């Protein structure tokens, strides 16, 4: 029954991805649950951090009860809470939404200057060979500014995410070293993932970070990993089974991300 409970819905966009060796080298984005489910207030999932780390060493997400932002970097999971601090994460902790891959860059992009988030993502857009695949991006170095946020832990009955972010904690970080961890999701999967670019940030000393709202950088290099495969594992609980996920929440997603 446990195997059935964690059965994987595998969407294969390249036949070669059936090879386990390819999967290990970072050609597949693994995701647990959907962005629309999180928007609807489904904040309790069944996937543990131990299970998540088997699927990738690089990624982002959140924790059960929407308890802060998640960064997965170099195989370690970090919890970024609304007090502005970063906490270690036990393997037994669970997530309602997370996405990971085994990061292996296949191209790089020099970014001489980006005055804000939109300028950076516009440069990244130009470097993509297609807007119809997934991409993972890692940018390391010193940033002039990174504006990050985290959301507070929730208790039932849960409010939709668009209401929760009204109480988010925002932290403007200046002249800070760290790593941007991000994914690009194709627009045609807007109910599954965050459409477009989604980044979290973690400082080099592992003490601060969060969901990226804005930034400014100069003379950094983006490492890009093309991900033609996508594996989706859906929650096996009554909340997910009974949730109404037919509503168009695109306008909510835009408010949540901004």
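What follows draws every value from the coordinates through simple rules; no lab data is involved. The model shown is predicted, which means the values in this text are computed figures rather than measured ones. Every residue, glycine among them, receives a Cβ derived from its backbone with ideal geometry; neighbour counts consider all protein chains shown.
Of note:
- Directionally averaged projected area (convex hull, Cα atoms, the chain), nm²: 12.9
- Label-point separation, residue 167 to residue 142 (7 Å along Cα→Cβ), nm: 3.9
- Efficiency of FRET from Cβ geometry, residue 257 and residue 91, R₀ 30 Å, rounded to 0.05: 0.55
- Comparing mean-square fluctuations of 221, 203, 246 from a GNM of the chain with C-alpha springs under 10 Å, the top value falls on 246.
- For the options 232, 123, 39, a Gaussian network treatment of the chain with springs between C-alpha atoms closer than 10 Å singles out 123 as fluctuating the most.
- Cβ-based exposure ranking for 249, 149, in which fewest neighbours within 10 Å come first: 149, 249
- With 0.36 nm allotted per residue and the present C-alpha distance subtracted, the residue 113-residue 175 stretch has 20.9 nm of extension available.
- Classification of segment 159-213 by its C-alpha gyration tensor yields an oblate form. The axis ratio a/c (a ≥ b ≥ c) is 1.5 or more, and b/c is at least a/b.
- The helix-based estimate of mean residue ellipticity at 222 nm for the chain, built from -39,500 (n - 2.57) per DSSP H run of four or more residues and divided by its residue count, is -4000 deg cm²/dmol to the nearest 500.
- Cα gyration tensor category, rounded, prolate or oblate, for segment 107-227 with a/c compared to 1.5: oblate
- Rounded Å value of the spacing that divides the Cα centres of segment 166-223 and segment 83-116: 8
- Most mobile listed residue (157, 96, 88) in the chain, GNM with C-alpha springs under 10 Å: 157
- Annotation: average projected area of segment 162-258 is 8.7 square nanometres, based on the convex hull of Cα atoms across all directions.
- Here each label is just a point 7 Å from Cα along the line to Cβ, and for residue 246 and residue 149 those points are 3.0 nm apart.
- Compared with the direct C-alpha span, the chain from residue 123 to residue 206 gains 27.2 nm at full extension, assuming 0.36 nm per residue.
- Going from the fewest other Cβ atoms within 10 Å to the most, the residues 87, 78 appear in the order 87, 78.
- Tensor-based shape of segment 30-167 (alpha-carbon gyration tensor, a/c under 1.5 rounded, otherwise prolate or oblate): prolate
- On full extension, the segment bounded by residue 54 and residue 187 gains 45.1 nm, given 0.36 nm per residue less the C-alpha separation.
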